[in-house]
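The values are calculated or read from the model by the stated rules, or taken from the named source; none is laboratory data. Everything numeric here is computed off the predicted structure, so don't read it as measured data. For neighbour counting, all protein chains shown are included, and Cβ atoms are generated from backbone atoms with ideal geometry for every residue, glycine included. Please note that ligands, DNA and RNA were not included when accessible areas were found on the heavy atoms of the full protein model with its side chains. Shrake-Rupley method; radii C 1.70, N 1.55, O 1.52, S 1.80 Å.
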Amino acid sequence: MFKTIIIHLRIHQRRPEIEDEDVITAWMNAFVVRERTDSSPGAVRYLAAAGLDRKNRLLEMIGVETEDDGVVIYHAMKLTDKMKTELGLL
């Protein structure tokens, strides 16, 4: 899906219980990935996703695509009802 997956430091700073490998596993196991509704056409694509991490926790993630077919994930936490709605899961 993506050549590279980069985890922004702010995830671990805000959620020390979520490790980089947890986010990478959840992103690779995502059962839904959608472009954010607030992405502007022709601009950088922001993606929202939900997937299971290596501890079987359901995480929500937000990332931005890079020009080299990678993604920088800058948000990850336990899946919320707000994100469930955005991803069409509710």
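Across the range 67-90, what is the total count of residues that are open to solvent by less than 60 Å² (accessible area, probe 1.4 Å) and assigned to a strand (DSSP E or B)?
6
From (1) open to solvent by 20 Å² or more (accessible area, probe 1.4 Å); (2) free of Cβ contacts under 8 Å to residues at least 60 places away in the same chain, pick out the condition that doesn't hold for ILE62.
Result: ILE62 passes all but (1).
Residues being more than 12 Å from ILE62 (Cα to Cα), part of a loop (DSSP other than H, G, I, E, B) and open to solvent by less than 50 Å² (accessible area, probe 1.4 Å): count how many of those fall in the range 1-37.
2
Among the residues of the range 9-62, write down those that are aromatic (Phe, Trp, Tyr) and at pLDDT 95 or above.
We begin by selecting, within the range 9-62, every residue aromatic (Phe, Trp, Tyr); these are 27, 31, 46.
Hits for the range 9-62 are TRP27, PHE31.
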